[in-house]
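Here is the structure we will look at.
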Amino acid sequence: MAGVACETELSDVPFACDAGGTCPEGFTCEATVCVRDGARPAVSRPMRVSWINSGEMFWFASPRGGADLVVNDGFTEGGRALYQVHVAADGSVEDPVVLIDFGEQFPTSSAVVALDDDRYGVLTLTFPSVESTEQELLFYSVPRDGSGAAEVIATPVEMPRFVGGAEPAYVSALARDGGVDVSYADPGEGGRVIIGRLELDGAAELVIEPRVVVPLAQVLPLSADTVLWDLGDALALRVGFETNELWRIPDGEGVEPEGPLLLEDDPVYAFSDRVVTVAVNETEEGATLAFEIYDWQGSRLEEIVAGPTEAGLIPYTGVPSEGGALFAPVFSSEDLGTIDAAVLGTGGTLERVASIARPGSDELYEGRALRVDGQVYFAWTAFHGSLMDLWVGVSPEGS
């Protein structure tokens, strides 16, 4: 019997590049996957790593146009570093660039802000080495293009102590009013959170001095992950991991923290007059994501149902966006085949501003989005066996 020749039709993104970054003829290696010459994939997978924490994905409008995503891969052996991934407006993705090489230090938590068009400010808290019980809290100035070395420009008056645990508590930083507000947990005095501020006045050496000390009401200091939101004349501080408490920190010196506000569900954003929490409601038909809105006294104002979701998938935080807060991932289709970005306005409206196709069916872990010049930039992580994939993409507003 004569043999029958068959020619397989390959998709535009059929497989990953090999270890040397090469692909078959007619394809080019872009962001770890082989892309057909002339094609532009909707999404790309620039990194496959051991783990990226939900709070360590940061989008910034890029001085080159498009957007830059900064992520901390603090767990992949031999590759522990802070990376930047540039995404152009047309969806093209550059290979990750190392901003800070953490070497074999394990692990290191981080928070990143843009100081200006040329440099990032990066706050890190390291875990003690095997030989030591000391931690290091450092604030770096880092070239945004990865062209130079990271420089430590500030340290705290007193390093936070270490009293045990598997990894450091997670830190937060917020650029506002010409300076940077920072927060970090300190297990001293039964557990507390330090709020400090760096006034960036050009001094070569800065010191992170405590401005406010926040006592912990129900959160153990070993799980005192912190998030800061800008309220205009104050900061909102979320503390905790499985259990959360919310504080209001007025601007100025000698002020007292206001709180804690204890809510049943996870706070994911705070406005000056209201607080947003999120809950996943699971039934036999599936899971639904809902935003619950409270005032700062803890009275429930309304519920906004966002649509179907994956069980257990909760946005880590919203991102400021034109007077509201931008959340991703949310979904509108029951098959969860596309990821939406939606803006929750101060008036209680939820507007979906863009969607993007989700390749595969790997379980999602976390996501973050950014609106820039009529485009929405998406980033999300998904479990792939024992590893984690980072996906990025861009979609026009209104898509």
If we ask which residues in region 283-318 are in contact with a Phe, Trp or Tyr (Cβ under 7 Å, 6 or more places away or on another chain), open to solvent by less than 50 Å² (accessible area, probe 1.4 Å) and either of a type in the set (A, V, I, L, M) or in contact (Cβ under 8 Å) with a residue 60 or more places away in the chain (or both), their number turns out to be 3
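Quick one: which of VAL280, VAL268, VAL275 is under 27 Å from GLY374 (Cα atoms) and among the β-branched types (Val, Ile, Thr)?
Answer to the selection: VAL268.
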All but one of (1) over 29 Å from ASP295 (Cα atoms); (2) small (Gly, Ala, Ser); (3) in contact with a strand residue (DSSP E or B) (Cβ under 8 Å, 6 or more places away or on another chain) hold for GLY348; state the number of the condition that does not hold. (1)
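For the condition touching a helix residue (DSSP H, G or I) at 6+ places or on another chain (Cβ under 9 Å) and in contact (Cβ under 8 Å) with a residue 24 or more places away in the chain, what is the one hit in ARG211, ARG248, ARG192, ARG238? Quick ask: steps written out before the conclusion?
Details: ARG211 fails: touching a helix residue (DSSP H, G or I) at 6+ places or on another chain (Cβ under 9 Å); ARG248 fails: touching a helix residue (DSSP H, G or I) at 6+ places or on another chain (Cβ under 9 Å); ARG238 fails: touching a helix residue (DSSP H, G or I) at 6+ places or on another chain (Cβ under 9 Å).
Every option except ARG192 fails the conditions.
Out of all the residues in region 253-295, which are hydrophobic (A, V, I, L, M, F, W, C) and within 19 Å of GLY345 (Cβ to Cβ)?
Narrowing region 253-295 to residues hydrophobic (A, V, I, L, M, F, W, C): 255, 261-263, 268, 270-271, 275-276, 278-280, 287, 289-291, 293.
Correct list: VAL268, ALA270, PHE271, VAL275, VAL276, VAL278, LEU289, ALA290, PHE291, ILE293.
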Take region 224-253 and flag every residue that is open to solvent by 30 Å² or more (accessible area, probe 1.4 Å) and part of a loop (DSSP other than H, G, I, E, B). GLY232, ASP233, PHE241, GLU242, THR243, ASP251, GLY252, GLU253
Pull up region 254-289, narrow it to residues that are assigned to a strand (DSSP E or B) and out of contact with any strand residue (DSSP E or B) (no Cβ under 7 Å at 6 or more places or on another chain), then point me to the one that is farthest from LEU216 (Cα to Cα). THR283
When you scan region 124-142, do you find a residue that is touching a strand residue (DSSP E or B) at 6+ places or on another chain (Cβ under 9 Å), of a type outside the set (A, V, I, L, M, F, W, C), open to solvent by 20 Å² or more (accessible area, probe 1.4 Å) and more than 20 Å from TYR170 (Cβ to Cβ), even just one? no
Quick one: in region 32-48, which of the residues that are among the basic types (Lys, Arg) and either at pLDDT 90 or above or touching a strand residue (DSSP E or B) at 6+ places or on another chain (Cβ under 9 Å) (or both) is surrounded by the most Cβ atoms within 10 Å (Cβ to Cβ)? ARG45
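Picking from LEU216, LEU246, LEU198, which residue would you name as being under 22 Å from the mean Cα position of the chain (by Cα), modelled with pLDDT under 95, closer than 21 Å to ALA169 by Cα and not acidic (Asp, Glu)?
Numbers: LEU216 fails: under 22 Å from the mean Cα position of the chain (by Cα); LEU246 fails: modelled with pLDDT under 95.
From the options LEU216, LEU246, LEU198, the qualifying one is LEU198.
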Selection within region 63-115 - acidic (Asp, Glu), closer than 29 Å to SER386 by Cβ and over 15 Å from the mean Cα position of the chain (by Cα): GLU77, GLU94, ASP95, ASP101, GLU104
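The values are calculated or read from the model by the stated rules, or taken from the named source; none is laboratory data. Bear in mind the structure is a predicted one, so any value in this text is a computation, not a measurement. Quick reminder, even Gly has a Cβ in these numbers, built from the backbone with ideal geometry, and neighbours come from all protein chains shown. The accessibility values were calculated without ligands, DNA or RNA, using every heavy atom of the protein model including side chains. Shrake-Rupley method; radii C 1.70, N 1.55, O 1.52, S 1.80 Å.
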